[in-house]
Amino acid sequence: MNRITQDAILSQIGNSPLVSDWVTIDQDRINAFADVTEDHQFIHVDEEAAKKTPFGGTIAHGFLTLSMLSKLGAETVYVLEGITAGVNYGFNKVRFINPVRAGKRIRGKFVLADYKQPREGTHVLTYNVEVEIEGEEKAALVAEWVTMQMTS
């Protein structure tokens with residue numbers, strides 16, 4: 001966890017990316033996501049049918065890859081000292097640019113792009129995020145992710 005003081009956070013804007021550990025997106029994870037979201041499109045869950053597509057096999061849901069930002073960022077992004085709660089605030093931009101094939105590993109690269117304190121005890125941090133796919137030049141997704149942390 002990257003604990004940081006409120007005084008130091010501004011100096012981190014635009015610095016080198018914070019990089020997460022690799023996480024495997026296996027077929028079991030894809031199937032579980034399909035069950036939870038009730039999105040059982042064959043490209044995600046039917047390995048035989050998916051082999052006949054240009055992808056050559058099943059791929060993760062784009063929203064699965066996006067939802068992995070919580071995991072990828074958990075030990076990676078900045079956490080302000082004195083935090084009492086942290087929440088997703090939203091996205092200014094999300095683009096799915098390359099599918100994640102079942103069995104591939106992904107990791108997140110997070111660059112703090114902006115920090116605001118709209119009111120006492122409320123902190124809004126915006127990250128430029130890229131989710132890399134191991135062994136591939138093109139990222140799975142890019143996003144501008146907005147998080148909110150509350151301090152006492």
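Looking at (1) in a helix (DSSP H, G or I); (2) over 20 Å from the mean Cα position of the chain (by Cα), find the lone condition where Lys71 falls short.
The failed condition is (2).
Ala49 - would you say it is loosely packed, with under 14 Cβ neighbours inside 10 Å, touching a residue at least 40 places away in the same chain (Cβ under 8 Å) and either among the β-branched types (Val, Ile, Thr) or not in a loop (DSSP other than H, G, I, E, B) (or both)? Walk me through how you get there before you give the answer.
Values: loosely packed, with under 14 Cβ neighbours inside 10 Å: yes; touching a residue at least 40 places away in the same chain (Cβ under 8 Å): no; either among the β-branched types (Val, Ile, Thr) or not in a loop (DSSP other than H, G, I, E, B) (or both): yes.
Answer is no for this residue.
Does Thr65 count as under 12 Å from Ala102 (Cα atoms) and in a strand (DSSP E or B)?
Values: under 12 Å from Ala102 (Cα atoms): yes; in a strand (DSSP E or B): no.
It is false that Thr65 is under 12 Å from Ala102 (Cα atoms) and in a strand (DSSP E or B).
Taking Val142 as the residue in question, decide whether it is surrounded by 15 or more Cβ atoms within 10 Å (Cβ to Cβ) and either at pLDDT 95 or above or in contact with a helix residue (DSSP H, G or I) (Cβ under 6 Å, 6 or more places away or on another chain) (or both). Walk me through it before giving the result.
Numbers: surrounded by 15 or more Cβ atoms within 10 Å (Cβ to Cβ): yes; either at pLDDT 95 or above or in contact with a helix residue (DSSP H, G or I) (Cβ under 6 Å, 6 or more places away or on another chain) (or both): yes.
So Val142 passes the test.
Select, from Gly14, Gly56, the only residue that is out of contact with any Leu (no Cβ under 9 Å at 6 or more places or on another chain), assigned to a loop (DSSP other than H, G, I, E, B) and in contact (Cβ under 8 Å) with a residue 40 or more places away in the chain.
Numbers: Gly14 fails: out of contact with any Leu (no Cβ under 9 Å at 6 or more places or on another chain).
Result: Gly56 is the single residue among Gly14, Gly56 that is out of contact with any Leu (no Cβ under 9 Å at 6 or more places or on another chain), assigned to a loop (DSSP other than H, G, I, E, B) and in contact (Cβ under 8 Å) with a residue 40 or more places away in the chain.
So, in the range 64-110, how many residues would count as being among the β-branched types (Val, Ile, Thr) and over 16 Å from Gln149 (Cα atoms)? Give the derivation first.
Initial filter on the range 64-110 (among the β-branched types (Val, Ile, Thr)): 65, 76-77, 79, 83-84, 87, 94, 97, 100, 106.
Add one more test, that the residue is over 16 Å from Gln149 (Cα atoms), and what stays is 65, 94, 97, 100, 106.
Here the count works out to 5.
If you go through the range 77-89 one residue at a time, do you hit one that is closer than 17 Å to Val23 by Cα, surrounded by 20 or more Cβ atoms within 10 Å (Cβ to Cβ) and of a type outside the set (A, V, I, L, M, F, W, C)?
no
Looking only at the range 74-133, count every residue that is touching an Asp or Glu at 6+ places or on another chain (Cβ under 9 Å), of a type in the set (Asp, Glu) and free of Cβ contacts under 8 Å to residues at least 60 places away in the same chain and tell me the total.
Number satisfying all stated conditions: 0.
Report, by residue number, each residue of the range 33-46 that is surrounded by 12 or more Cβ atoms within 10 Å (Cβ to Cβ) and part of a helix (DSSP H, G or I).
Phe33, Ala34, Thr37, Phe42, Ile43, His44, Val45
For Ser152, only one of the following conditions fails: (1) under 18 Å from Ser16 (Cβ atoms); (2) at pLDDT below 95. What is its number?
(1)
Can you tell me which residue among Val23, Val19 is touching an Asp or Glu at 6+ places or on another chain (Cβ under 9 Å) and within 30 Å of Glu81 (Cβ to Cβ)? Explain how you work it out, then say what you get.
Numbers: Val23 fails: touching an Asp or Glu at 6+ places or on another chain (Cβ under 9 Å).
The conditions single out Val19.
The values are calculated or read from the model by the stated rules, or taken from the named source; none is laboratory data. Nothing here was measured: the structure is a model prediction, and the numbers come from that model. For neighbour counting, all protein chains shown are included, and Cβ atoms are generated from backbone atoms with ideal geometry for every residue, glycine included.
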